[in-house]
Each structure stands twice: as C-alpha cells, then as structure tokens.
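Asks: What follows is a structure written as structure tokens; I'll ask about it next.
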Amino acid sequence: MRILNILLFWTIVLAGTKVFAADTHAVDVRLQAFQVVSQDKGGEKLVPATEANPGDTIEYQVTYQNNGKTAAKAVAATLPVPEGAMVYLDGSAAPKAVQASVDGKQFSPLPLTREVLRNGRRTVEPVPPEQYRFLRWELGDLAPGKAATVTSRMRVGVPATPKVARS
C-alpha cells in the first residue's frame, strides 16, 4: 500500500495555491492538514496529519491572513485537487459558496454540470465530484489584520492497478 507523505503534499498544494489580490505580498497563506478519525461512540476528531494511506480522509484548512497596511482587494483562493492523489469529498467545502473546475481555467458554482450528446440528444449531466481538479473561493476584500479560512475534505486516492500485458 502506498503511503502519501502529507508534508510533501503540503508543499505541492501550497505551490499550487493561488491568492489573487491587489497586494499579494501582504497576504500570508497557512495550510494545515488533519486526518479525520472516527470515534468509537460516533462523531469524529481531527488529528494533525503528516502521512496518509489510500482511502484516508484528510481535511485541509487554509487561512489567508492580511498582514499588510491596506486592504487586500478581491482575494480569491484556489486549491488544487491533484488527479490520482486526492479526491474531493462532495459537500465538504466551507464556506459553501465555492466554485470548482475540471481544468483550472473555467470555474462554476457547485455542482458542476456539462452538456453531453446521448442518443443524438443534447443533455446536461452532473460532473462527478471525483473529477474536480480545483476549488476556488471568492473571499472578497481582506482588511488589514483580518483573516479568512477555507476548508475542504479529500480522500487519498487509491492508486490504479497497473495493466499487465497479455501475450
């Protein structure tokens, strides 16, 4: 079984996390990862995560802190969902006003849909959440000294079984 090193993944996620604001130098980004652990009597607890196994659920908490002297305008946070490594868990994003994308270019509110041709007819169908590759929150203006936190849960992906060539 492959173990995902969450610390290495943090670096990858932070490198892919984008903060859009007029004064990006003043906005600090802090990412925390927690394993979601079920309790014996029901409920769950969050445990700081450094490694995870396929199938584990990880909650990411990303805080955007404006340490500047002026408001950071139109702050938007984009969190990647790496294909093959993580799968977004539908309904877990907070705040709920989140957008998603399958390509990192076009974002729409959840749930994503797409137009497809079936039996000669155009129809709209939902995009499965496991195909989401990016999440984005429009955080608005962030006043000096203020912070905003976004969260999302993801399941560590199970590696695909390699195909064996048959003779």
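Asks: Any idea what the relative contact order of segment 31-75 is, in percent, if you count C-alpha pairs under 8 Å spaced at least 6 apart?
Replies: RCO, segment 31-75: 39 percent.
Asks: For segment 20-97, what is the relative contact order in percent, using Cα pairs closer than 8 Å and at least 6 residues apart in sequence?
Replies: 37
Asks: Where a ≥ b ≥ c are the square roots of the eigenvalues of the C-alpha gyration tensor, would you call segment 46-148 rounded, which needs a/c under 1.5, or, failing that, prolate if a/b is larger than b/c, or oblate?
Replies: Taking the square roots of the gyration eigenvalues as a ≥ b ≥ c, segment 46-148 is oblate.
Asks: Now for a separate question. Averaging sequence separations of C-alpha pairs under 8 Å and six or more residues apart, then dividing by the length of segment 60-166, give the relative contact order as a whole percent.
Replies: 47 percent.
Asks: For segment 98-147, just run the numbers: alpha carbon Rg, then divide by 2.2 N^0.38 Å, N being how many residues it has.
Replies: Ratio of Cα Rg to 2.2 N^0.38 Å: 1.59.
Asks: Moving on to the next point. Which residues in segment 29-71 place their backbone N less than 13 Å from a point set 7 Å from the Cα of A94 along the Cα-to-Cβ direction?
Replies: Hits in segment 29-71 for A94 at 13 Å: 44-46, 59-62.
Values in this text are rule-based calculations from the coordinates and carry no lab data. None of these values were measured; they are calculated from a predicted model. Note that each Cβ is placed from the backbone with ideal geometry, even for glycine, and that neighbours are counted across all protein chains shown.
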